[in-house]
1. Can you give me the three principal axis dimensions of the range 31-122 from its C-alpha atoms, in Å, biggest first?
2. In the P(r) worked out for the range 37-82, what percent of Cα pairs fall beyond 12 Å?
3. How large is ³J(HN,Hα), in whole Hz, for each residue of the range 34-46 in order, when computed from phi with the Karplus curve 6.51 cos²θ - 1.76 cosθ + 1.60 and θ = phi - 60°, using x for Gly and Pro?
4. Tabulate in residue order the Karplus-calculated ³J(HN,Hα) for the range 143-148, using 6.51 cos²θ - 1.76 cosθ + 1.60 with θ = phi - 60°, rounded to whole Hz; enter x for Gly and Pro.
5. Summing Lys, Arg as +1 and Asp, Glu as -1, what charge do residues with Cβ under 12 Å from the Cβ of V173 carry, V173 excluded?
6. Nothing charged except the Cβ atoms of Lys and Arg (+1) and of Asp and Glu (-1): what's the magnitude of the dipole of the range 70-168 about its Cα centre? Round to the nearest 20 debye.
7. As an exercise, find the ratio Rg/Rh for the range 82-176 from alpha-carbon atoms, using the Kirkwood inverse-distance average for Rh.
8. Working from the alpha-carbon coordinates of the chain, get Rg over Rh, Rh being the Kirkwood radius.
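The values are calculated or read from the model by the stated rules, or taken from the named source; none is laboratory data. Since this is a predicted model, take the numbers as computed values, not measurements. Cβ sites come from the backbone with ideal geometry, for glycine too, and all protein chains shown count toward neighbours. Areas reflect the complete protein model, heavy atoms only, side chains present, ligands, DNA and RNA absent. Shrake-Rupley method; radii C 1.70, N 1.55, O 1.52, S 1.80 Å.
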Amino acid sequence: MLLTESATRDGRPLVLRRATAEDAEALVAAVDAVSRERAYLLRSRFHQPIEDEREFLARAAEEGRLVLLADVEGRLAGWVTLGRPRQDYRRHCAELGIGVLAEWRGVGVGRALMEAAIAWSAAQGLERLELGVRASNHRAQRLYERLGFVEEGRARRAVKDEDGRYDDVIAMVRFL
């Protein structure tokens with residue numbers, strides 16, 4: 001399902017759309033590629049079986065989740081996910097996860113995904129968006145702050161990369 005069509009800052013066509021089961025293989029590869037950079041996500045690999053990812057994507061909408069993809073020139077450039085907790089007392093919240101592939105950073109893909117996720121959340125009646133970001137990922141932190149997120153806390157040395165380096169995880173929140 002197409003959500004928006006626009007352009008990147010350098011003029012290339014940018015399409016935001018809901019992920020489908022057919023996107024499973026490309027999405028797993030993209031999440032794994034960004035994970036392996038060990039600088040942006042809170043994981044170092046993503047080894048999701050393709051069939052499990054297909055099932056996850058097929059059930060996303062009926063389970064109240066959003067999995068949104070950004071395509072630039074017909075190629076996957078990034079994604080955003082919004083998942084809602086199962087507990088009744090936390091149903092007003094959603095946890096946000098986002099990633100942008102290296103070649104598409106700095107041209108507005110991340111901002112477009114975040115703005116679409118915020119708009120979707122508001123339309124769903126959500127009140128609180130939560131995310132975790134590596135303390136060393138200053139670029140992402142600045143984007144989140146410009147979009148109204150504030151730091152809520154910090155988990156010290158919460159990430160340990162394979163080379164033994166630690167990073168803090170900053171908890172950020174935006175109230176809608």
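1. Principal axes ranked by extent give 39, 30, 25 Å for the Cα atoms.
2. Taking all Cα-Cα pairs of the range 37-82, the fraction more than 12 Å apart is 72 percent.
3. Values per residue, Gly and Pro as x: 5, 4, 5, 5, 6, 9, 10, 9, 8, 8, 10, 8, 9 Hz.
4. Values per residue, Gly and Pro as x: 4, 4, 5, 4, 9, x Hz.
5. Charge balance in the 12 Å sphere: -4.
6. On the way: 17 positive and 16 negative charges, 40 e Å.
That gives a dipole near 200 debye.
7. Working: Rg = 14.1 Å, Rh = 14.3 Å.
Across the range 82-176, the Cα-based Rg/Rh ratio is 0.99.
8. Values: Rg = 15.6 Å, Rh = 16.6 Å.
Result: Rg/Rh = 0.94.
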